[in-house]
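S.K.: My questions will all concern the structure given below.
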There are 2 protein chains.
Amino acid sequence: MLDTAKVMRIGLLGMGTVGGGVYEFAQARKDMEIAYILDIRQFPELQCTVTSDIDVILRDPTVDAVIETMGGLHPAYEYVCAALRAGKHVITANKLLIAAHYRDLVQLASENHVALRCSAAVGGGIPWLPNLECALEQENIIRISGIMNGTTNYILDSMHRSGAGFAEVLKKAQELGYAEKDPGDDINGADIRRKIVISSNIAYGCVIQESDVAVAGIETITDADIAAFKRMGRICKLIASSRKLSGAVAVYVEPALLEPPMHESAIPGNFNLISFTGEHIGKQSFYGQGAGRYPTAYNVLQDCVDVRNGLRGFYNNKMEPMRVDNSSVIRQYYVRTAQIDEWLRVHIDTILDCGVVTTPLSVTQMHAWLQEQKKTDPGCFVASIRE
Amino acid sequence: MLDTAKVMRIGLLGMGTVGGGVYEFAQARKDMEIAYILDIRQFPELQCTVTSDIDVILRDPTVDAVIETMGGLHPAYEYVCAALRAGKHVITANKLLIAAHYRDLVQLASENHVALRCSAAVGGGIPWLPNLECALEQENIIRISGIMNGTTNYILDSMHRSGAGFAEVLKKAQELGYAEKDPGDDINGADIRRKIVISSNIAYGCVIQESDVAVAGIETITDADIAAFKRMGRICKLIASSRKLSGAVAVYVEPALLEPPMHESAIPGNFNLISFTGEHIGKQSFYGQGAGRYPTAYNVLQDCVDVRNGLRGFYNNKMEPMRVDNSSVIRQYYVRTAQIDEWLRVHIDTILDCGVVTTPLSVTQMHAWLQEQKKTDPGCFVASIRE
């Protein structure tokens, strides 16, 4: 039987949406205690010490773990580093932080013999990273893919259902709390890129540079595009994919046109679906709320339970620097642009009422063209056609 | 850090399809060793002791755990009981055994302070029960539902795609190894009933009698039924459902007519999709191979890893005897029968080319009628219409 006698004493950094959910869940447990809250605001109604000084928390030898739910890179990075150096386990929901500082944070945790967990950083409330970690016990993971962002799935799903335009749907998503005031990182794919980088690093035991990963978002999609996809009998989803190659990884984020009943095409609203493929066990998928106060807090608390049960280190401590190579992934693309240039003209397979379908092209080719094209036609939109 | 020095010594009961996969996976690990195989056949090529005498294994004090992959109730039940009494952890893939002897096996494990795990018994290779167990750490689970049988999903999916008849598709499923020679327990829903009983017992901390659970299978479905569902714009899936009520559980298995893009309607071939709904975190779903050598062996080995890492007991040791009550679940049904009796006539809402649609009825009412009706019209088929 695991030692269930000791109460885990926690310093909670940030009492926002997720932090508040974490506080509620933790206080309901007998084996955990929020000893400190780090926040610039005061919470006189709470039973714990509230401070704006991280050192007060880190100097207390009775604090076992720090939960970081502040978000952003700074001062989260400095606080998390200091916590690891102080011998505290760190649990964070911060994908920005983990994607940007993967290698040094994992090394720092390892050097200090403490756990670093970030299950809520990918998939919100979906137990994605813990299940990926379990699979690695026995399996060679060869592929990852999925819908990893609820905001964009909500927007695309709504546009398909209602026929409404992007701006109108985005406004509604913001009203419902499904999209941030500044939705930039969600709709341009940057948020998803962080999640596929973290997932791939863990799955393949490597370190991928975020900036090496090709990304196309949905910020320029229009109701005319959606109407064209409907005529093709397809549904548009923003998909992150990665595949293990020999000495490299293919990894990219792009809108994809799926044919029902393909599993990903059925994912509604702001839900996520993330899958891995193992060499022996095939594809396994995990579905649920990719964001939100309680789902995210749930994954944070699950990390605490795992650390309390003896888990140490990161999900996968292997960290081989890895090259990104998307040249072997070949697909046809839907392209809508105001200016069909010479390169595109040569690669047109079919002309549609709205946009064109290309001949088979590599992800490398298409994304390179798109990046150039956006300089002269910022409204340009592309989506790969999936079999 | 958990103790990783000690090798777990295992007695493997049964060297069939799953047992062979377990042997392969275990031999590839440094922290586990198959010390014995119990089988009536000899395997001179294997490096472990092969015996047909269970006592040889149970008397060896160096054996930590027994993996049961024989299947069937006897002698699996006697062997598992003897192993638990001998202080060995037991890992089994046997849903028949766990559903039938839930209470006494869990109690026996508890009395002997050993683990009893059966993750492969529900969902094959899907980490369903371990994730349900994790969720119980923090959540009140209020609902379970899903596609829990690959054979029937393959048959229904093929019938929808090809328009072929039941017998033809079943024959192909048997050729592909997706259906047993005697597919009775799969197609009549008995296999799924065991899985929803085990899942519900764990989720709600109760004990449900298998025989209390209403079940309707797909053994009488025809290509004409499928054509009727297509005209309705719906897809037929065999769904197990349960819901926690006050002092009772609603639990039943029946064909259900789903409207795309409902998630379950998109599940292809012999895959499974199983979901729970938590009070705070909403719906989480788990998708993958519900059967097969390696997927099933994967879950068995994961149980071994968990036991080795210190897990003891069952997924949920709470066992409150629980009444089944389906009277509050109200739905319209599709019914095709050769003899429309007085009760059905009164409850017809719409007459179709093939079959009728009823007015809203409770699951209790419909299943009671079906059981009677099958005596005079064994070819009768019903499916609930889901919103």
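S.K.: Filter segment B:24-57 down to the residues that are closer than 21 Å to A:Leu136 by Cβ and open to solvent by less than 50 Å² (accessible area, probe 1.4 Å) and list them by number.
M.R.: Once the filter is applied, which keeps residues that are closer than 21 Å to A:Leu136 by Cβ and open to solvent by less than 50 Å² (accessible area, probe 1.4 Å), segment B:24-57 yields B:Phe25, B:Ala26, B:Arg29, B:Asp31, B:Met32.
S.K.: Would you mention how many residues in segment A:278-304 are closer than 30 Å to A:Leu245 by Cα, more than 7 Å from chain B (Cβ to nearest Cβ) and more than 18 Å from the chain's Cα centre (by Cα)?
M.R.: Residues meeting the conditions: 2.
S.K.: Return the residue satisfying two criteria in turn: it lies in segment A:139-165 and is in contact (Cβ under 8 Å) with a residue 40 or more places away in the chain and open to solvent by 30 Å² or more (accessible area, probe 1.4 Å), and of such residues it is nearest to A:His280 (Cα to Cα).
M.R.: A:Asn140
S.K.: Further, regarding this structure: Mind checking whether some residue in segment B:175-198 is over 30 Å from B:Asp104 (Cβ atoms), touching a residue at least 24 places away in the same chain (Cβ under 8 Å) and among the aliphatic types (A, V, I, L, M)?
M.R.: Yes, that holds for at least one residue.
S.K.: Does segment A:335-387 hold any residues that are crowded, with 16+ Cβ neighbours inside 10 Å, under 25 Å from the mean Cα position of the chain (by Cα), in a loop (DSSP other than H, G, I, E, B) and not hydrophobic (A, V, I, L, M, F, W, C), and which are they?
M.R.: A:Arg386
S.K.: Next question, about the same structure. Test A:His280 against the criterion of being of a type outside the set (Val, Ile, Thr) and within 25 Å of B:Gly288 (Cβ to Cβ), and give yes or no.
M.R.: So A:His280 fits the description; yes.
S.K.: For segment A:79-110, enumerate the residues that are within 14 Å of another protein chain (Cβ to nearest Cβ), more than 19 Å from A:Gly19 (Cβ to Cβ) and touching a helix residue (DSSP H, G or I) at 6+ places or on another chain (Cβ under 8 Å).
M.R.: Residue satisfying the conditions is A:Ala109 alone.
S.K.: Let me ask something else about it. Tell me, yes or no, whether segment B:127-137 has at least one residue that is touching an Asp or Glu at 6+ places or on another chain (Cβ under 7 Å), within 13 Å of chain A (Cβ to nearest Cβ) and of a type in the set (D, E, K, R).
M.R.: Within segment B:127-137, not a single residue is touching an Asp or Glu at 6+ places or on another chain (Cβ under 7 Å), within 13 Å of chain A (Cβ to nearest Cβ) and of a type in the set (D, E, K, R).
S.K.: Can B:Ile221 be described as assigned to a loop (DSSP other than H, G, I, E, B), more than 14 Å from chain A (Cβ to nearest Cβ), touching a helix residue (DSSP H, G or I) at 6+ places or on another chain (Cβ under 7 Å) and open to solvent by less than 10 Å² (accessible area, probe 1.4 Å)?
M.R.: Yes; evaluated as a whole, the condition is true for this residue.
S.K.: Would segment A:121-130 turn up any residue that is farther than 21 Å from A:Ser242 by Cβ and either under 22 Å from the mean Cα position of the chain (by Cα) or open to solvent by 40 Å² or more (accessible area, probe 1.4 Å) (or both)?
M.R.: Checked against the condition, which is being farther than 21 Å from A:Ser242 by Cβ and either under 22 Å from the mean Cα position of the chain (by Cα) or open to solvent by 40 Å² or more (accessible area, probe 1.4 Å) (or both), segment A:121-130 yields at least one hit.
S.K.: In segment B:175-190, how many are surrounded by 15 or more Cβ atoms within 10 Å (Cβ to Cβ) and in a helix (DSSP H, G or I)?
M.R.: Within segment B:175-190, residues that are surrounded by 15 or more Cβ atoms within 10 Å (Cβ to Cβ) and in a helix (DSSP H, G or I) number 4.
S.K.: Among the residues in segment B:307-315, are any surrounded by fewer than 24 Cβ atoms within 10 Å (Cβ to Cβ), in contact with a helix residue (DSSP H, G or I) (Cβ under 6 Å, 6 or more places away or on another chain) and among the charged types (D, E, K, R)?
M.R.: No.
S.K.: Oh, and also: Could you please tell me which pairs satisfy a Cβ distance under 8 Å, a separation of 6+ or placement on different chains, a first residue in segment B:343-354 that is closer than 12 Å to B:Met366 by Cα, and a second residue that is at pLDDT 95 or above and of a type in the set (Phe, Trp, Tyr)?
M.R.: Listed pairs, sorted by first residue: B:Trp343/B:Trp369; B:Leu344/B:Trp369.
S.K.: (1) modelled with pLDDT under 95; (2) assigned by TED's automatic domain parsing to the domain that holds B:Pro75: which one isn't true of B:His113, the others all being true?
M.R.: Only one criterion in (1) modelled with pLDDT under 95; (2) assigned by TED's automatic domain parsing to the domain that holds B:Pro75 is unmet by B:His113, namely (1).
S.K.: Let me spell it out: the conditions are (1) modelled with pLDDT of 95 or more; (2) in contact with a Gly (Cβ under 7 Å, 6 or more places away or on another chain), and A:Gly124 meets all of them except one. Which number is the exception?
M.R.: (1)
S.K.: Only one of (1) crowded, with 22+ Cβ neighbours inside 10 Å; (2) part of a strand (DSSP E or B) fails for B:Gln332. Which number is that?
M.R.: If we test B:Gln332 against (1) crowded, with 22+ Cβ neighbours inside 10 Å; (2) part of a strand (DSSP E or B), just (1) comes out false.
S.K.: It is to be established whether one or more residues within segment B:240-249 are within 24 Å of B:Arg161 (Cβ to Cβ) and open to solvent by less than 10 Å² (accessible area, probe 1.4 Å).
M.R.: Taking every residue of segment B:240-249 in turn, at least one turns out to be within 24 Å of B:Arg161 (Cβ to Cβ) and open to solvent by less than 10 Å² (accessible area, probe 1.4 Å).
S.K.: If you don't mind, another one. State all residues of segment B:318-327 that are surrounded by 14 or more Cβ atoms within 10 Å (Cβ to Cβ) and touching a Ser or Thr at 6+ places or on another chain (Cβ under 6 Å); if no residue qualifies, say none.
M.R.: B:Asn326
S.K.: One residue is enough: does segment B:307-323 have a residue meeting the conditions over 29 Å from B:Gln209 (Cα atoms) and modelled with pLDDT of 95 or more?
M.R.: There is no residue in segment B:307-323 that is over 29 Å from B:Gln209 (Cα atoms) and modelled with pLDDT of 95 or more.
S.K.: Give me a count of the residues in segment A:259-270 that are more than 8 Å from every other protein chain (Cβ to nearest Cβ) and surrounded by 17 or more Cβ atoms within 10 Å (Cβ to Cβ).
M.R.: Count: 2.
S.K.: Oh, and also: In this structure, does A:Ile267 turn out to be at pLDDT below 95, in the same structural domain as A:Ala179 (by TED's automatic domain parsing), β-branched (Val, Ile, Thr) and more than 25 Å from A:Ile67 (Cα to Cα)?
M.R.: Here the answer is no, as A:Ile267 does not meet what is asked.
S.K.: Any residue in segment A:297-305 that is closer than 18 Å to B:Val305 by Cβ, not assigned by TED's automatic domain parsing to the domain that holds A:Glu180 and not polar (S, T, N, Q)?
M.R.: For segment A:297-305, residues closer than 18 Å to B:Val305 by Cβ, not assigned by TED's automatic domain parsing to the domain that holds A:Glu180 and not polar (S, T, N, Q): present.
The values are calculated or read from the model by the stated rules, or taken from the named source; none is laboratory data. Worth saying up front: this structure is predicted, and the values here are computed from it rather than measured. Cβ sites come from the backbone with ideal geometry, for glycine too, and all protein chains shown count toward neighbours. For accessibility, only protein heavy atoms count, side chains too; no ligands or nucleic acids. Shrake-Rupley method; radii C 1.70, N 1.55, O 1.52, S 1.80 Å.
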